[in-house]
1. In sequence order, what are the phi-derived ³J(HN,Hα) couplings for region 226-235 according to the Karplus relation 6.51 cos²θ - 1.76 cosθ + 1.60 with θ = phi - 60°, rounded to whole Hz, with x for glycine and proline?
2. Can you tell which of S379, F282, L150 lies farthest toward the positive end of the dipole of the chain, using +1 and -1 charges on the Cβ of basic and acidic side chains (Lys, Arg; Asp, Glu)?
3. GNM on the chain, C-alpha springs below 10 Å: top fluctuator among P323, P114, P269?
4. In µm²/s, what is D for region 226-313 at 4 °C and 1.567 mPa s, where D = kT/(6 pi eta Rh) by Stokes-Einstein and Rh is the Kirkwood radius from Cα pairs?
5. Over its Cα atoms, what ratio of radius of gyration to 2.2 N^0.38 Å does region 271-380 give?
6. Once you have a ≥ b ≥ c as the square roots of the Cα gyration tensor eigenvalues for the chain, tell me rounded if a/c is under 1.5, and otherwise prolate or oblate according to whether a/b is larger than b/c.
7. Normalised by the number of residues in region 35-125, what is the relative contact order in percent for Cα pairs under 8 Å and 6+ residues apart?
8. Quick one: which residues, 5+ away or cross-chain, put their amide H under 5 Å from the amide H of V72? H built at 1.01 Å from N.
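Throughout, read-outs are computed from the coordinates displayed, never taken from laboratory work. Fair warning: this is a prediction, and the values are worked out from it, not measured in the lab. Positions of Cβ are backbone-derived with ideal geometry, glycine not excepted, and every protein chain shown enters the neighbour counts.
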Amino acid sequence: MATVRDFSNPLTGESLSLQGPLSEPVRLEPLPPLTIAFTDAAGTAESGFWQIWDGEPRHTVSGRVLGAFGTVTVAAESGRGRSSVSLDGDRFELSLLVQGPAEWRFRVQETGGPGRQAEVVYRFITDNTAPDIEIHGPAERTTTKDYIVLEGRASDARSGLADVRVHSDRYAGQSFQAFIGAGGAFTAELPLQRGMNLLTATAVDRAGNSASAQVQVMREVSAAPRLLILNPPRDTTTRAEQLTVSGVVYSSQASDQLRVSLGDRQQSPDPGPQDGAHVFSFAAVPLQPGTNQIAVAVASPAGNDRQVVSVFRDDSPEREIAPPTLEITSPSATDYSNQERVIVAGNATSTVGVAQVTVNNEVVAVGGRDSTRLSFRHSIELSAEGLEIVVVAEDIDGRSSRRTINLQRDTDAPVIVLERPLAPAPEINTVVESPYRLRGR
C-alpha cells in the first residue's frame, strides 16, 4: 500500500495525519501471534496444558514467551494464589503453591509496544492410570533350559514409565531387573526351577501406579540324568570320621532305570517330591584325614552323569581358645578418685568374637561374631564410701574374663608439715642460707 495522509491506528484509536509528499509503496506484515510455551508440560494452548502433580507443595513452572514486543509480564492465578514476573527476555520461571489438583490461568501481557495479551490454562492433575504392559509370546510355555529370556513392551502416556521388574514364584522375595530400551521395549533373564514357574512382569510409572502381566513356564526334566550332591556341600571341613552323602538325580526316566554308585556301593534312587526328581543317600561314608574326593555317579539307558565334592577331615588336636582379654584404659588410677562420677572405659578382644561387656552387671557394649575387638565406655557414680567396679567381657561361646577395681572417694587435700616453721605468704621470711633447704612431710 502507499502512504496515506490520514490514518487511524486500529489498536490505539489514535488518528494520524501526514504532510508532505507520499512515500514509495510499502508492505505491512501482521505481528506474530503472542504465545506461551512451557518447559515441562503436555497439551496445547487450545486444550490447555497439564502436568502430573507429584504431591510436593511447591512447583516451579518455566517456559518462554514467543512473539512479544517490548517488556512482558507473566502472571499465574488460581483460587489458591497469584504469582507474576516481568521479563526483559523471553524466558520466565514462576514458583506456585500447589496443594492438590488445581487449575491455574497464565496471562501474558505486553506492557509496551502493541500492548497485546494472551491467556492459557495450566492444570496440575493426579495420575491414577496404570501403565500398559505386555509380554511377547504365548502365556504358557515349555522348556528344558534352566533359564528364560522374557521380552515385552511397557508404556505410560501420563507421568511416564519409571521401572520394570520381573518376579518368579519359585524365588520368593527376589526381583529381577528388566532392561528397558527404546519405546518401552524390555528384556529380562530369569532362572527356572524344574516344574511350573509363574513369572510376573510389573511396570511402575512415575506416579507409583503399577500394572502386571504373567506367563507360565514349565521346565521339563530331560531323559538324560543330571546328578546333584546336596550333602556334604562343596569344600566342607569336618572333624567327623564319617558322614552321609545324599542328593538328587533329575531325569524323566523311572527310578528303576537309574543306578547311583559311590565307590563299590550302588542303589536305585527313590522317587522324590517332584516329578522327575529321584533322591539317593549313602550312610556312614568313611573319611580319611586330609582331603577326600567324594565321587557319585549315575548310569541309565539315556545317559550318565557324575559329580565330585571335596571334603577335608581335620584330625589335628583341637586348640584351646583363650577367654577374652580385657584392657582398662579408665580410670587410670585404681585406688582413689576425687570425682563424683568416673568413666570406666577400655577394650575387650577375642579370637572368636566378643559378645558383650558389662560393668557391675549392666551391659555397656554389645558385639558379635565379627567383633574381635570391642571398645566400651560407661559413666558410673562414685559414692563417698567408695565403689567396687566389676568389668566382665564375654565371648560368643560363653567364655569370660573379669577385672575388679576397688575405687575409694578422696576429697581431702594433702597436709604439709615443715620441719622449720615459716610464716605463710604474703609475710616475708628472712633466712641466712643460700640456697635455702625446705624440709617437711
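1. Whole-Hz 3J(HN,Hα) from phi for region 226-235: 10, 9, 9, 7, 8, 9, x, x, 4, 6.
2. F282
3. Its mean-square fluctuation being the largest, the pick is P323.
4. Diffusion coefficient, whole number: 98 µm²/s.
5. Numbers: Rg = 27.3 Å, N = 110, 2.2 N^0.38 = 13.1 Å.
Against the empirical 2.2 N^0.38 Å value, I get 2.08 for region 271-380.
6. Working: a/c = 4.48, a/b = 1.24, b/c = 3.62.
Oblate is the answer for the chain, as a/c is 1.5 or above yet b/c matches or exceeds a/b.
7. After rounding, I find 34 percent.
8. Close amide H contacts, sequence-distant or interchain: L87, T111.
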